[in-house]
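Enquirer: One structure, as C-alpha cells, below. Some questions next.
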Amino acid sequence: MEQVIANGLYLGAQYALIALGLTLIFALMNVLNFAHGQMYVLGGFVVYEVYGLMKLPFVVALIAAAATLAVLGAVLERFLFRTVIRRSEREESTMLLAAGVAYFLDAAILLIFGEKQRGVRKIVNGVFMWDNLILPWDRILVAGLAIAFIVAFILMMQYTKPGRAMRAMAQDRTAAQLMGVPVAFYGLVGFALGAMLAGLVGGLLVTITGVNSGIGGPISIKAFMMVMIGGAGVVGGAIAGGFILGMLESVGLTVLHSYGDVTYLVIFIAMMIFLAIRPNGLMGKPWG
Amino acid sequence: MTNSRRAGSVAAVAVFLAAVFVAIPLAIAATGRTDLYYTLSSVALLAIASGGVWLTFYIGRINIGQGAWALVGGYASAVLVTTYGWSFWLSLPVAGLFCALMSMLVGLPILRLRGVYFSMVTLVLTEVARLTALALPITNGARGITSIPTPGAIRLFGVTLVPGFETFANRNAPFYFLSAAMMTLCFAGLWRLVHSRLGRLFAAMRQNEELASSMGVNVPLLRVVAYAISSFLGGIGGAIFVAIAQSIYPSSFTINDSVNFMLNCFLGGLGFVFGPMLGTLVLYFGWDLLFQTGQYQLLIYSGVMILLMLVLPNGLLSLRWPSRGRP
C-alpha cells in the first residue's frame, strides 16, 4: 500500500504541474488550451535533443525546454490568440483556434522528430528501498523537482508584482485594467508561463517514461480532467485535481488490476458523477 | 412566409434533390468514378452526425462528444445484426433510439455544466465510449466486430421495396442512396424542428437560460431533449457508417472525429441549418485534396484552419447571433 501511495504522489506532482499551466492560461485569457499536451511533448523532445543527443547537462536541457516553450507560448498569444480574441464575437472561437494549434503542433512535431518513442539515459542511478517501499532515485528526484516548481510558482503568484497582477486579472480583468495593470502584457506573460510549465513537465518526464509524438492528445485530456476535478481557473484546484488524479490512477491500477484495463473507465465515470453533484469542481468559480 | 419566398425555397429544395439523387449518380456513371459513391456517402453520414452537433450549438452548448454517440450507435447496430441476427433496417432506428436514451441518462447530469466545462466533459465522453467498447465483452474488445452482413431486402406483403444490397454489382451505390436519403430526411427534420415552437424555445435557451426559465420554459427538460435528438442523429450516422465499412472497432470514432464534427459546424456557419452539410463537404474534400501533399497533409490542413480563424473568426457563413453577453 505504501508503494501505491508513493506512486500516486509521484504521478500527482507531475499532473499538478501540467494542470497548473492549463488553468493559468484559462484563468487569464479564458482560453482552453487544447495544445497543452502537444506543448508537453515538445518540451520532452527538446530535452531529448539537448540532454540525450547533445550530451549537455540535464539542467541545461531543462532550461532549454522551458525557454523554447515560453517563447512558443508568447508567440502564440501575441500573433494568434490575441488577434482572434479581438476579432471574434464569441469566445468559443479561441477553442477552435487552440484545436488548430494542437493539430499544427502535432504535425510539426511528427515531421521534425519522427514517430519513434524516444527515451534518454537516467539522470541518477540507484533505487531507494525502505521497508517494502521501492522507488528509483530518479523518480524521487523528478517528483521533488516538480514539487519545487509548484512551490516556486505559488510563491511567485503570491508575493511578486507580476503574480499579484495576474491574480487580479484572473479575478476581474476589467477591474485589473482600471487599476493600471497592463493586461495585454500579463496575458502574454501568463500564456508563456503556462506553456513553460507544460514544457517543464515534458522535460522532466522524458527521463522516466520517454516521449513520442502521439501522446499529446491523451495528455491534454488528462489535463482537462484534473482541471475539471479541481475547478477551472483556480491554482489550488489544479494542484488538488492533479494529486487526486495521480492517486486515483495509482490506486485504480492496483485495485482494478484483475478486471482488466478498466481504471480509466472507472475514473471517467466517477468524475462524471462527481461533476453532476459539483458542476464547478472542488473550488471552481461558476462559469457561463 | 410570402409566396415568392416559398416558391424560392421549393425551387432550392428541388434543385438540391435533383443534384443529389439524379445529377451526381449520372455524373458518376458518365465518368466511371464509382469510388466517389463511397466518399459522398461518408460526407452524407458525417453531415448527419454534424447536424446533431449543430443542434447542441443551437441551444448554446459546444458539443465535442458526438464521436461517442456515433460509436455507440455503430456498436448497437453491429451487435444487433451479428449477435442477435436482426435485420439492419430494424437495427438502424433501434440504434438511434438507444443513443437517444443513453444520452438522456448521461445528459441529465452533464447538461448542467456550461461553457468550457460542458465542452471538456463531452470530449472526455468520447474517450469513455472508446474505453467502454474496449472493456465490454459484447463489443469484442480491441478486435472489434467484423464481417457484418450488408443490409438485406425490405419486403412488404411480398413486394420488394428495397432489394438486398448484396444483389448490386457495386455495393457502394445503394449505400450512397441510403446515406443521401437519410441525410435529406435528417436535415428536413432539423429544419422543421428549428422552425417549430420547440425551435423557438431552443433559441430562447441559447440566448439566456435564466431568462427563458423565468418565462416558464422548462429548460432542464428541453436541453435533454435537444441533446437526445443530437445523439440520435449521431447514432444513425454511426450505424450506417458501420454498415458500409462492415466492421467496427473501438477506434472507429475517436476524439479527432468528435473535434471534426464540431469543426464542420463552425465552418458551415452556426446560424444556418444546412451549414453542417456544407462544412462537412468542404472539410472532407479539402482533407482529401491535401492527401497528395503526403506527410505535410496535417500541417497544411491545420495551418489553413489557423489562418481561417485569424481572417474569419466568426465562420464562413456566420449569420451573427445576438450576443449572449460575456459572463
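The values are calculated or read from the model by the stated rules, or taken from the named source; none is laboratory data. Since this is a predicted model, take the numbers as computed values, not measurements. In this analysis, Cβ positions are derived from the backbone assuming ideal geometry, glycine residues included, and neighbour counts consider all displayed protein chains.
Enquirer: Are any of the residues in segment A:78-87 in contact (Cβ under 8 Å) with a residue 24 or more places away in the chain and buried (at least 22 other Cβ atoms within 10 Å of the Cβ)?
Expert: Checking segment A:78-87: at least one residue is in contact (Cβ under 8 Å) with a residue 24 or more places away in the chain and buried (at least 22 other Cβ atoms within 10 Å of the Cβ).
Enquirer: Another question, then. When segment B:237-264 is examined, which residues are found to be touching a helix residue (DSSP H, G or I) at 6+ places or on another chain (Cβ under 8 Å) and over 27 Å from A:I215 (Cα atoms)?
Expert: Of everything in segment B:237-264, those that are touching a helix residue (DSSP H, G or I) at 6+ places or on another chain (Cβ under 8 Å) and over 27 Å from A:I215 (Cα atoms) turn out to be B:G237, B:A239, B:I240, B:F241, B:V242, B:A243, B:I244.
Enquirer: Would you call B:G237 farther than 26 Å from B:V94 by Cα and either part of a helix (DSSP H, G or I) or more than 11 Å from chain A (Cβ to nearest Cβ) (or both)?
Expert: no
Enquirer: Report yes if some residue within segment B:16-36 is under 30 Å from B:I255 (Cβ atoms) and either assigned to a helix (DSSP H, G or I) or not β-branched (V, I, T) (or both); otherwise report no.
Expert: Yes: one or more hits.
Enquirer: Of everything in segment A:165-190 that's among the β-branched types (V, I, T) and in a helix (DSSP H, G or I), which residue is nearest to A:T68 (Cα to Cα)?
Expert: Top of the filtered list is A:V189.
Enquirer: Check A:A223, A:A148, A:A152, A:A198 and return the single one that is among the small types (G, A, S) and within 23 Å of A:F79 (Cα to Cα).
Expert: Among A:A223, A:A148, A:A152, A:A198, only A:A198 is among the small types (G, A, S) and within 23 Å of A:F79 (Cα to Cα).
Enquirer: Just wondering, is there one or more residues in segment A:249-258 that are more than 20 Å from A:A19 (Cβ to Cβ) and not in a helix (DSSP H, G or I)?
Expert: Yes, segment A:249-258 contains a residue that is more than 20 Å from A:A19 (Cβ to Cβ) and not in a helix (DSSP H, G or I).
Enquirer: Looking at A:G231, A:G216, which one is on the phi > 0 side of the Ramachandran plot, within 14 Å of chain B (Cβ to nearest Cβ) and not hydrophobic (A, V, I, L, M, F, W, C)?
Expert: Step by step, each of A:G231, A:G216 is checked, and only A:G231 is on the phi > 0 side of the Ramachandran plot, within 14 Å of chain B (Cβ to nearest Cβ) and not hydrophobic (A, V, I, L, M, F, W, C).
Enquirer: Being free of Cβ contacts under 8 Å to residues at least 12 places away in the same chain, aliphatic (A, V, I, L, M) and surrounded by 14 or more Cβ atoms within 10 Å (Cβ to Cβ) is the filter here; which residues of segment B:267-298 pass it?
Expert: Correct list: B:L290, B:L298.
Enquirer: Output the residues belonging to segment A:92-110 that are within 7 Å of chain B (Cβ to nearest Cβ) and not small (G, A, S).
Expert: A:E92, A:M95, A:L96, A:L97, A:V101, A:Y103, A:F104, A:D106
Enquirer: Taking helices (runs of 4 or more DSSP H) that do not extend beyond segment B:61-156, which have at least 2 residues that are within 14 Å of chain A (Cβ to nearest Cβ) and either free of Cβ contacts under 8 Å to residues at least 40 places away in the same chain or among the aromatic types (F, W, Y) (or both)?
Expert: In segment B:61-156, B:88-110, B:115-135 are the helices (runs of 4 or more DSSP H) which contain 2 or more residues that are within 14 Å of chain A (Cβ to nearest Cβ) and either free of Cβ contacts under 8 Å to residues at least 40 places away in the same chain or among the aromatic types (F, W, Y) (or both).
Let's see how each residue does on (1) more than 16 Å from B:L92 (Cβ to Cβ); (2) surrounded by 17 or more Cβ atoms within 10 Å (Cβ to Cβ); (3) polar (S, T, N, Q); (4) modelled with pLDDT of 85 or more:
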| position | (1), (2), (3), (4) |
| --- | --- |
| B:L161 | no, no, no, no |
| B:S179 | no, yes, yes, yes |
| B:S213 | yes, no, yes, yes |
| B:G216 | yes, no, no, yes |
